[in-house]
Amino acid sequence: MRAQHPAFGPEERLLTQPDRSPIRVQWLGTAGFRIEFEKHVVLIDPYLTRASLAQCILGPVRSDTSAIARILPRADAILVGHTHFDHVLDVPDIARMTGATVYGSWSAARLCLAQGVAPERVHIVESGAGSAPNVVQSGPMRIRFLRSAHSGLIAGRAPFPGELEPSKGEPMRVERYRCGSVFTIEIEVGGRRLVHMGSARLVDDTPTGETDLLMLCTAGWRTSREFPERVVRAYAPRAVVLSHWDDFTRPIDQRARVLPAMGVGTLARRVEQQASHPRVGTTELLGAVIV
Ligand SMILES: [Zn+2]
């Protein structure tokens, strides 16, 4: 990690609460995380394949099943924040290989069903406009899916908008991975609250109470006005792991490299200034922190 980005140490404990079972939060690159509490494993937006730029430009992309078998041999649930390829490409294969249940949008469900995930393991979490967010229970974890939106990464607009229409069983080009609905995901487990923002956009500024760990997307944060300040007011994080700042066309086994113009250090500083005593940082690729 470069010096201008605050970095957490390996397996660093971010909160002091010695009497509680640890929650281990591993960063998988992009917006991907693996969260483990008392042997229950939930994945969010896991993307290990990290197709090269040439693969992304030239043709359909396939998920790297050997990386999945090696790094994510076991999962109970997979949560999908939105269905761009760098969030959802590996989800059908991980679900098939681990037997995990998938929770996501209509787009996520259509993709999984087209790629052979058993229907009883596919759970749609869309809620209508104005209705309460969907809540599901996965082992000890209570999970809420809050409707959100994608950041305007390309000239103020979200890339690849619309619903994903999969082709049955065939690999697809990256542009066919349409965004679908976008969710901020909140997990309550072991008396703690974790929030995952997989895209740097906040649609509701209402304060929601204290958050023990916020997994915050970096890509495109400057396209949302006063993004760091508004996020801190809304979620009051005690600790923040910054994600989605890495060049995800590089293999999973190499060190993470910061994409140009991400402004990771600036985002970290502004979050720190706004919050009272936050821990803000990054981890290495496949590194983990404990909350
Ligand atoms: Zn996206």
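None of the figures in this text is laboratory data; all of them are computed from the coordinates on show. In this text the structure is predicted, and so the values were computed from the model without any measurement. Please note: Cβ atoms are built from the backbone with ideal geometry, for glycine as well, and neighbour counts cover all protein chains shown.
Among the residues of the stretch 101-116, count how many are surrounded by 24 or more Cβ atoms within 10 Å (Cβ to Cβ) and either more than 18 Å from the chain's Cα centre (by Cα) or more than 19 Å from Ile185 (Cα to Cα) (or both).
So the count comes out to 2.
From the set of residues in the stretch 194-248 that are within 15 Å of the ligand (Cβ to nearest atom) and in a helix (DSSP H, G or I), which is surrounded by the most Cβ atoms within 10 Å (Cβ to Cβ)?
Trp221
Filter the stretch 123-144 down to the residues that are closer than 19 Å to Leu43 by Cβ and over 18 Å from the mean Cα position of the chain (by Cα), then identify the one that is surrounded by the fewest Cβ atoms within 10 Å (Cβ to Cβ).
Per the stated criteria, the residue is Gln137.
Where residues in the stretch 80-127 are away from the ligand (no atom under 16 Å from the Cβ), part of a loop (DSSP other than H, G, I, E, B) and among the hydrophobic types (A, V, I, L, M, F, W, C), which of them is nearest to Gly29 (Cα to Cα)?
Ala100
Check off (1) buried (at least 19 other Cβ atoms within 10 Å of the Cβ); (2) assigned to a helix (DSSP H, G or I); (3) among the polar types (S, T, N, Q) for Gln55 and give me the number that stays unchecked.
Exception for Gln55: condition (1).
Among residues belonging to the stretch 164-182 that are within 14 Å of the ligand (Cβ to nearest atom) and assigned to a loop (DSSP other than H, G, I, E, B), point out the one that is farthest from the chain's Cα centre (by Cα).
If we take residues in the stretch 164-182 being within 14 Å of the ligand (Cβ to nearest atom) and assigned to a loop (DSSP other than H, G, I, E, B), then Leu164 is farthest from the chain's Cα centre (by Cα).
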